[in-house]
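Here is the structure we will look at.
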Amino acid sequence: MKFVFTIALLQLLVMGSSLAQNFDYSASPAAEATDRCAIINIAMDESHSMTSAEQDFMRQTAIPRMAETLYSDQYQFDHVFVCSLGFGFLEVNEEFDFENEVNRRKLENLNIDDEDFFGFHLGCTTANPDGTLNNNGVTSWLVSDQEGEGEDGYAAVIRAIQDVPSEIDNIDLLTSCGTLAKNMILVTDEDRDELVPEATIQTVRQKVADTGYILNEVVAVNIREGDIGVRFNYPIDPIDTALETQQFLDSPSPIDYEGAKNEFFVATGGGNWTTEIVYDDWRNLVTNADANEFSKEHYGPLIQNTRGALWSLEVLRNGTAEGNQDIANAFADAFVSIKVDEMVDINPEATIVPTEDDTSVPATQEPSAAPTKNLPDPGSNGDPHFRTWNNEHFEYHGQCDMVLTKDSHFADGLGLEVQIRTKLVRFWSYIKSAAIQIGDDILEVRGNDDKAAAGVTTNKYYWMNLEENGTLRTIGGFPVSMRVQSKDKRLFIIDLDSRFPGQQIKISTFREFVRVDFAQANEEAFGNTVGMLGDYKTGKTLARDGATVLDDFTDLGREWQVLPSLDKKLFRESSHPQFPELCMEPEDPRGVRRRRR
């Protein structure tokens, strides 16, 4: 392993010296450029949990067969280029200073330090008509001998696209290629570790759209009952709107999934495959291979409403590492066929990517038809992302009980206090419970616990005034209800309409995650609140003294840890840590931790 790593590193350093200029994706081909070209660009996970089977599949099967097909008489491409990047690899040879020796490049227009991203570009080369490569070092991926690495697939995709040179094997792309089909393939068996916070869903989608790539992801998901892959080329907004509306109906009607067209790639036996169309929300049809991972949530939105596809790494491993030859052949045929089809048709419609404030998944449509979005409600997402009353987004990854918001004068002195309880997982945390007190009533809501996440039903979802799954009628005189949306999702609604027309407090659970939203919040109801969500009138994130502005969100989280002397005890049971023990924080937290100026 050390010998292979040394050779790969030396190859990388040699190639790095020649990659002086990156390809300009925005430039038009030269007048004399007439060749038909394609780029197969691969971001390969090299972390400890990967196996050589999926790397060998790309190296020995997928790439050669795609190249042979594109060069064939049927498609007649003139040049097929292969580029790749490895990420998630930890040093195995202590004689090398890995961080300084490897010729890595920074993400363009993103703030990234070298040590933040365990990845490097292996370069680009030309594939030959027989499927071989001029430079095999481009696919000399490794599997790390050490655990503890981080895998940021978002940053890997951006880096892989950015680092394509303007010239490959003495072929200038702009003066030679009249057309250039571009396919980006991400292969990883982990969910996304946020090593580069600026690499978001929106920035990845924007990079892919701006450069004309089609993104395909081979990730750790199960697609229905063992399907090979799926493409979901439709906007998600209508489904979410229908689900939201359904929650308020006395007799909910089935969601109309017309237009939500999912194209499944299905193995049919004997090494064959076919396509099958199903109309449904793709989120109902894809699950994580590991219940403790979030590949579905992290990587599904990257290809939502694009021409890309999601592929099951579990099926690939079943066919390669476990020796199921029929599955291996079906996966290979489907994968190569779909990739070739994407590269042959290189005139996709423009993709509209939302602004930073727009958290919905963008739609593929003409720019003039882009809809105007409403701002998201203030509150906290489960992982946790916070949105202040002024709609500013930030993250605080610490484990403790915190005051999300409170106002002792709420509703003419009735009083309101909302607390959240977070749990630390590696570099990040999530909201596992929320407790809300209005008047003398307390509602506590919890996501699925570890047993439930493992498939063991506990049926403990909420406590009303300390009573487990107690009768839900009112809280502080305001109606409260619960709707079961699926086995993993529940929604609690506190209707404030009798005092504050149109306003609600919503507590949602999805598996172990809990989120709190203040729907249609206005100054009349929440104008005097304090806490993590800041000051309603000014938008400032204030300390407990009501005057000091905390621009560092880590300081803000610490400031609003529940204090026995100042805050009420809302949760039934204590959970570590409790003040005077401070919030537990990761050594290297991820996310937006400080206000930009």
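The values are calculated or read from the model by the stated rules, or taken from the named source; none is laboratory data. It should be emphasised that the depicted structure is a prediction, and the values quoted were computed from it without experimental measurement. Using ideal geometry, Cβ is built from the backbone for each residue, glycine included, and neighbour counts are taken over all protein chains shown. Calculation scope for accessible area: heavy atoms of the full protein, side chains included, ligands and nucleic acids excluded. Shrake-Rupley method; radii C 1.70, N 1.55, O 1.52, S 1.80 Å.
For MET402, the shell of other residues with beta-carbons less than 10 Å away shows a net charge of -1, using +1 for Lys and Arg and -1 for Asp and Glu.
Over all other residues within a Cβ to Cβ distance under 14 Å of ASP78, the charged ones net out to -4, with Lys and Arg as +1 and Asp and Glu as -1. Extending 7 Å from Cα along the Cβ direction at ASP552 and again at ALA242 yields two label points whose distance is 4.9 nm. Note on SER26 and GLU198: their simple-model spin labels are 1.6 nm apart, each label 7 Å out from Cα toward Cβ.
Taking the full set of protein chains and a 1.4 angstrom probe, give the accessible area of THR268 in square angstrom, rounded to the nearest 10. That residue has around 80 Å² of solvent-accessible surface. Computed FRET efficiency, Cβ-Cβ of ARG224 and SER575, R0 35 Å: what is it to the nearest 0.05? Taking R0 as 35 Å, the efficiency between ARG224 and SER575 is 0.40.
Just to verify a number: FRET efficiency for ALA543 and THR51, C-beta to C-beta distance, R0 = 51 Å, to 0.05? Mind showing how you got there, number by number?
Working: r = 50 Å, r/R0 = 0.98.
Between ALA543 and THR51 the formula returns 0.55.
Loop-located chymotrypsin sites (Phe, Trp or Tyr not before Pro) in segment 170-277 (DSSP state not H, G, I, E or B) with no more than 16 neighbouring Cβ atoms inside 10 Å: PHE248.
ILE201 exposes around 50 Å² of accessible area when a 1.4 Å probe is run over every protein chain in place. Annotation: for a label point projected 7 angstrom from Cα along Cα→Cβ of ASN522, residues of segment 386-428 with backbone N closer than 15 Å are 411.
Using Cα-Cα distances under 8 Å and only pairs 6 or more residues apart, what relative contact order does segment 221-344 have, in percent?
Values: 185 pairs, mean separation 43.0, N = 124.
Relative contact order comes out at 35 percent.
Shown are ASP210, ASP412, ASP441, whose ranking by accessible area with a 1.4 Å probe and every protein chain present, most to least, is ASP412, ASP210, ASP441.
Annotation for segment 484-557: trypsin sites (Lys or Arg not before Pro) lying in DSSP loop with at most 10 further Cβ atoms inside 10 Å of their Cβ are LYS487.
In the assembled protein chains, THR51 presents an accessible area of approximately 50 Å² (probe radius 1.4 Å).
Kindly state, to the nearest 0.05, the FRET efficiency for ASP280 paired with SER481, given R0 = 25 Å and r defined as their beta-carbon distance. Show your work: numbers first, answer last.
Details: r = 26 Å, r/R0 = 1.05.
The calculated FRET efficiency here is 0.45.
Determine the gain in length on full extension of the stretch SER337-ASP256; use 0.36 nm per residue of separation and subtract their C-alpha separation, reporting nm with one decimal.
Values: separation 81, 0.36 × 81 = 29.16 nm, distance 3.15 nm.
Contour length minus Cα-Cα distance gives 26.0 nm.
Restrict the search to segment 173-250; then list the GluC sites (Glu not before Pro) that DSSP places in a loop and that have at most 13 other Cβ atoms within 10 Å of their Cβ.
GLU225
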